[in-house]
Amino acid sequence: AAIKKLLNCGYIQYEETVENGKYKKIYSITESGKQRFTEWITTPLNAQGIKNPELAKLYFMGFSAKESRETRLQEYISHLKEQYDALNAICEEAETVNVPKEHRDILRYQFAAARYGKDFMKFNIEWYQKLLDEMRNEKQ
């Protein structure tokens, strides 16, 4: 849906090619796309509300069967840990990558976003683990 929107707005274009007998689309940004991107990155940062549908599930978890709650939380924590590991690998790689001086400033912010994601995942893992521990302690 996002690519379609960008195409319809004229911000990107594509060229179809055949490589090893397979059709391939190669996308590129248009001049109007570059202009719109530049406008977008120079606008002020705005605080957004939390968009996490899992919070709605957590909010209503008390209506679900007690037996399934622990399992669902364990599965969610495992999923968060996988995401954390992926972001951690990106961050570790960033520390060793050799970047030309003229691109270091760009890369700094790209990897700052990865560090944010990693720290956010760590917070979520710890928070949900604490909730799970509280649930387990109530059983005893």
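The values are calculated or read from the model by the stated rules, or taken from the named source; none is laboratory data. As the structure is a prediction and not an experimental result, all values here were calculated from the model. For neighbour counting, all protein chains shown are included, and Cβ atoms are generated from backbone atoms with ideal geometry for every residue, glycine included. These area figures cover heavy atoms from the full protein model, side chains too; ligands, DNA and RNA do not enter into them. Shrake-Rupley method; radii C 1.70, N 1.55, O 1.52, S 1.80 Å.
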Study note, to complete from the structure: Rounded to the nearest 10 Å², the accessible area of Lys22 using a 1.4 Å probe with every protein chain kept is 140 Å²
Review point. Mind listing the phi-derived Karplus ³J(HN,Hα) values for the stretch 5-15, rounded to whole Hz, using 6.51, -1.76 and 1.60 with θ = phi - 60°, and x for any glycine or proline?
Key: 5, 5, 5, 4, 7, x, 7, 9, 9, 9, 10
Exercise for review: Starting from the amide H of Ile12, placed 1.01 Å from N in the peptide plane, find each other amide H under 5 Å away whose residue is 5 or more places distant or on another chain.
Suggested key: Leu7, Thr30
Point to revise | the stretch 49-117: chymotrypsin sites (Phe, Trp or Tyr not before Pro) falling in loop per DSSP and having at most 12 other Cβ within 10 Å | key: Phe60
Exercise for review: For the chain, count all C-alpha to C-alpha pairs, find those more than 26 Å apart, and express that count as a whole percent of the total.
Suggested key: 55 percent
Review point. Say R0 is 35 Å: what FRET efficiency, to the nearest 0.05, do Glu82 and Ala2 get from their beta-carbon distance?
Key: 0.90
Point to revise | Selected from Gln35, Gln83, Gln74 as most flexible by GNM, with the chain as the system and alpha-carbon contacts under 10 Å | key: Gln35
Check your understanding: Per-residue accessible area for Arg36 at 1.4 Å probe radius, Å² rounded to 10?
Key -> 100 Å²
Review point. If one takes the longest principal axis of the Cα atoms in the chain, at what angle in degrees, from 0 to 90 and to the nearest 10, does the Cα axis of helix 104-139 lie?
Key: 20 degrees
Practice item. Find which of Gln110, Asn124, Leu6 sits farthest along the positive direction of the dipole of the chain, computed with +1 on the beta-carbon of Lys and Arg, -1 on that of Asp and Glu, about the Cα centre. Key: Leu6
Point to revise | FRET E, pair Glu70, Phe123, Förster distance 25 Å, beta-carbon r, rounded to 0.05 | key: 0.75
Exercise for review: Counting helices only, and only those DSSP H runs with n ≥ 4, report the 222 nm mean residue ellipticity of the chain as the sum of -39,500 (n - 2.57) divided by its residues, in deg cm²/dmol to the nearest 500.
Suggested key: -22500 deg cm²/dmol
